[in-house]
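So the structure is just underneath, and the comments pick up after that.
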Amino acid sequence: MMAARTNLLAAAPSNNKVKYSRLAADDDGYIDLQFKKSPPKVPYKAIALAVFLFLIGSLLIIFGALLLTGTIEVEHSERTIPVIIIGILVFLPGFYHLRIAYYAYKGFRGYSYDDIPDFGD
C-alpha cells in the first residue's frame, strides 16, 4: 500500500508556483509568512474591457445628446432616446470599474484590484 502511494505521489505533476519556507523552532503556532501579503495581480483584460465600455458609452451618450438637441438632423426622432439609454447602460459599468482600478493603482484605502472581476489568463 505504501509503495503504491509513493508511486502516485511521484507520478503527480509538480507545481513550481508553490513557495516553501522553513518553520521556526519556536513558532507558537504562527509563522510570519502567513501574514505576508502577496503583491496584487492586475486584471489587464478587465481594465481594457472597462476602458472600451467607457469610451463606447461616452460616444453613444454624446451622439444621442446631439441627436436629441437637433444638432444632427434625423428622420426618425424616436430613435434618439434608445441611443442615450444604451449609452448610459454601457457607460456605467465601464466608469465603475475604471474608478476602482484608478483608486487601487493610487493605493487608496478600501480599493483593490481584487474588486474587479478577472477573466482569467
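Among the residues of segment 102-117, at least one is touching a Pro at 6+ places or on another chain (Cβ under 8 Å), loosely packed, with under 15 Cβ neighbours inside 10 Å and part of a loop (DSSP other than H, G, I, E, B). Of all residues in segment 37-79, those being surrounded by 15 or more Cβ atoms within 10 Å (Cβ to Cβ), farther than 30 Å from G110 by Cβ and touching a Phe, Trp or Tyr at 6+ places or on another chain (Cβ under 9 Å) number 1.
No value in this document is a laboratory result; all are computed from the given coordinates. Values in this document were obtained by computation on a predicted structure and should not be read as measured data. Reconstructed Cβ throughout: ideal geometry from the backbone, glycine too, with neighbour counts over all protein chains shown.
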